[in-house]
Amino acid sequence: MRSMMESGIQITQDSKHAFEEIWKKRTHRYAVFAVQENREIIVDVLGKRDASYDEFLADLQGEQDEDGACQCRFGIYDFEYEHYFKPMDSSTTKLKLILVLWCPEQARIRDKMIYSSSMSSIIQTFIGVQKYIQANNLDDISREAVEMKLRAMDRD
């Protein structure tokens, strides 16, 4: 069964399963999702658990089409970083699930509208995401920028 998106686009069971593999089972580090034929959201890439953040960014960007336009994508990434806990003078590894809406400036207007209108429904479907980020350029989702946003959520 598929969930209906606000934009009329459906999210496939494979997409839901990929999210569960990342969030609950932790068998994958990330997934990149694409809107296929303006009908459904499918898994475009599923990253292995040992995949790097740079690999995620490369897969999220995809390739330019024949007209030179960039592609929009959704991405889920299980972000890992060290958190220093001041009162105990110790650090611990934290994992936080992020959802990225990648709509580069060079993407087609129609694609941006389709992805943007599907965002709220995808948030409702992927329960467990701790941070939502809309990105139009790589500076918005650099490792440093994302880590800073996640650290702002931490308690010291």
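Identify the single condition in (1) open to solvent by less than 70 Å² (accessible area, probe 1.4 Å); (2) part of a loop (DSSP other than H, G, I, E, B) that residue 64 does not satisfy, given that it satisfies every other one.
Only one criterion in (1) open to solvent by less than 70 Å² (accessible area, probe 1.4 Å); (2) part of a loop (DSSP other than H, G, I, E, B) is unmet by residue 64, namely (1).
One residue is enough: does the range 135-153 have a residue meeting the conditions open to solvent by less than 90 Å² (accessible area, probe 1.4 Å), at pLDDT 95 or above and part of a strand (DSSP E or B)?
yes
Would a scan of the range 110-126 turn up a residue that is open to solvent by 70 Å² or more (accessible area, probe 1.4 Å), within 28 Å of residue 40 (Cβ to Cβ), over 17 Å from the mean Cα position of the chain (by Cα) and not acidic (Asp, Glu)?
Filtering the range 110-126 for residues open to solvent by 70 Å² or more (accessible area, probe 1.4 Å) gives 110, 113, 124.
From what's left, within 28 Å of residue 40 (Cβ to Cβ): 110, 113, 124.
If we keep only those that are over 17 Å from the mean Cα position of the chain (by Cα) too, we end up with 110, 113.
Now restrict to residues that are not acidic (Asp, Glu): 110, 113.
Yes: one or more hits.
Kindly evaluate residue 6 against the criterion of being open to solvent by 70 Å² or more (accessible area, probe 1.4 Å), modelled with pLDDT under 95 and farther than 20 Å from residue 116 by Cβ.
no
Which one of the conditions (1) at pLDDT below 95; (2) open to solvent by less than 50 Å² (accessible area, probe 1.4 Å); (3) closer than 18 Å to residue 101 by Cβ; (4) not hydroxyl-bearing (Ser, Thr, Tyr) does residue 19 fail to meet, given that it meets all the rest?
(1)
Restricting to the range 69-84, name every residue that is in a loop (DSSP other than H, G, I, E, B) and either open to solvent by 30 Å² or more (accessible area, probe 1.4 Å) or over 22 Å from residue 108 (Cα atoms) (or both). Show your work before the answer.
Step one: of the range 69-84, the residues in a loop (DSSP other than H, G, I, E, B) are 69, 71-72.
Of everything in the range 69-84, just one residue is in a loop (DSSP other than H, G, I, E, B) and either open to solvent by 30 Å² or more (accessible area, probe 1.4 Å) or over 22 Å from residue 108 (Cα atoms) (or both), namely 71.
Does the range 85-94 hold any residues that are loosely packed, with under 13 Cβ neighbours inside 10 Å and either free of Cβ contacts under 8 Å to residues at least 60 places away in the same chain or touching a Phe, Trp or Tyr at 6+ places or on another chain (Cβ under 7 Å) (or both), and which are they?
Answer for the range 85-94, where residues must be loosely packed, with under 13 Cβ neighbours inside 10 Å and either free of Cβ contacts under 8 Å to residues at least 60 places away in the same chain or touching a Phe, Trp or Tyr at 6+ places or on another chain (Cβ under 7 Å) (or both): 88, 89, 90, 91, 92, 93.
Taking the range 27-52 as the region of interest, how many residues are in contact (Cβ under 8 Å) with a residue 60 or more places away in the chain and loosely packed, with under 14 Cβ neighbours inside 10 Å?
1
The values are calculated or read from the model by the stated rules, or taken from the named source; none is laboratory data. Please read these numbers as outputs of a predicted model, since none were measured by experiment. All Cβ positions, glycine included, derive from the backbone under ideal geometry; neighbour counts span all protein chains shown. Ligands, DNA and RNA are stripped out before the accessible areas are found, and what is left, the full protein with its side chains, is counted by its heavy atoms. Shrake-Rupley method; radii C 1.70, N 1.55, O 1.52, S 1.80 Å.
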